Amino acid sequence: MNNTIIQDTAGINAFYSKVYSLVGMGIGLSALVSGLLLTVFQNVFYTIYTQMPFIYLGAVVLELVLVFVASSMSWKNSPAALPVFLVYSALNGFTLTFVVARYTQGVVLSAFVTTAAMFFALALVGRFTKKDLSGMGRALYAGLIGLIIASIVNLFLGGSLSFIISIVSVLIFSGLIAWDNQRIRYVYEQSGGQVANGWAVSLALSLYLDFINLFLSILRIFGNND
């Protein structure tokens, strides 16, 4: 029986490692693209930023399409799910550059370090807590819909609710990080340890989006007076 427990623990840990390797690849690719645009290809970025904003708008539309395509392919366990996820991560790095460029390097670095620390801590909570977070997860997804609606309304109010929305976003995505980490264990257990590759991509995509949205929310809070 002890051997079974050891094997099961090893299997869960291996699945967590697989999901997080994909999350790391996605975040790393986004950071690489953004970093290159702000340094090596700074002139290209500046030209797009000042003279060709339609390229940025097209990229935003395309990444919205890609995130749905990646989700759909991962649910169908398609081998193309991973390449689409990586393409989406690279494209997201491009669009993120237009946000990051508005802040000082110190603010961006502080926001990233804070996000990474929070992500790691909340991941541990989701991984090891014995409490079922599924109820909280459903409530957070409902809150996320409300947050999207509030963000749209905020556009018509001239951004007057931006700071409040950023605070609420931090709370929502913090909870989702814990819940999505617990989902990794649930998916492994419910599949009897035989998890399809598509599930790893789907879970990695969720955690990647949690990280990016938490980072953007913290960046807006830190740079509120910048």
Of the criteria (1) at pLDDT below 90; (2) surrounded by 11 or more Cβ atoms within 10 Å (Cβ to Cβ), which one Lys130 fails: (2)
field: Subset of the range 172-197 (residues that are surrounded by fewer than 18 Cβ atoms within 10 Å (Cβ to Cβ) and under 25 Å from Ala31 (Cβ atoms))
entry: Asn197
field: Only listed residue being aliphatic (A, V, I, L, M) and either under 25 Å from Ala200 (Cα atoms) or touching a residue at least 60 places away in the same chain (Cβ under 8 Å) (or both), chosen from Val113, Val107
entry: Val107
Scan of the range 199-221 for residues that are over 20 Å from Asn92 (Cβ atoms) and buried (at least 19 other Cβ atoms within 10 Å of the Cβ), ordered by number: Trp199
message: Which numbered condition in (1) closer than 23 Å to Asn224 by Cβ; (2) outside any helix (DSSP H, G or I) is the only one that Val108 fails?
response: (2)
message: Restricting to the range 87-119, name every residue that is hydroxyl-bearing (Ser, Thr, Tyr), open to solvent by 50 Å² or more (accessible area, probe 1.4 Å) and under 19 Å from Thr50 (Cα atoms).
response: Tyr103, Thr104
field: Hits in the range 149-197 (condition: under 27 Å from Ser78 (Cβ atoms) and at pLDDT below 90)
entry: Glu189, Gln190, Ser191, Gly192, Gly193, Gln194, Val195, Ala196, Asn197
- prompt: Out of curiosity, is Ser21 at pLDDT 95 or above, polar (S, T, N, Q) and under 17 Å from Ser202 (Cβ atoms)?
  reply: yes
query: Of all residues in the range 169-191, which are out of contact with any Ser or Thr (no Cβ under 6 Å at 6 or more places or on another chain) and either over 23 Å from Lys131 (Cβ atoms) or acidic (Asp, Glu) (or both)?
result: Glu189
task: Answer yes if at least one residue in the range 145-162 is open to solvent by less than 50 Å² (accessible area, probe 1.4 Å) and within 17 Å of the chain's Cα centre (by Cα), and no otherwise.
output: yes
message: Condition check: in contact (Cβ under 8 Å) with a residue 24 or more places away in the chain and among the small types (Gly, Ala, Ser). Does Ala90 satisfy that?
response: yes
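The values are calculated or read from the model by the stated rules, or taken from the named source; none is laboratory data. Keep in mind it's a predicted model, so treat the numbers as computed, not measured. Counting neighbours? That spans all protein chains shown, and the Cβs are built from the backbone with ideal geometry, glycine included. Each accessible area value is taken on the protein alone, full model and side chains, heavy atoms only, with ligands, DNA and RNA left out. Shrake-Rupley method; radii C 1.70, N 1.55, O 1.52, S 1.80 Å.
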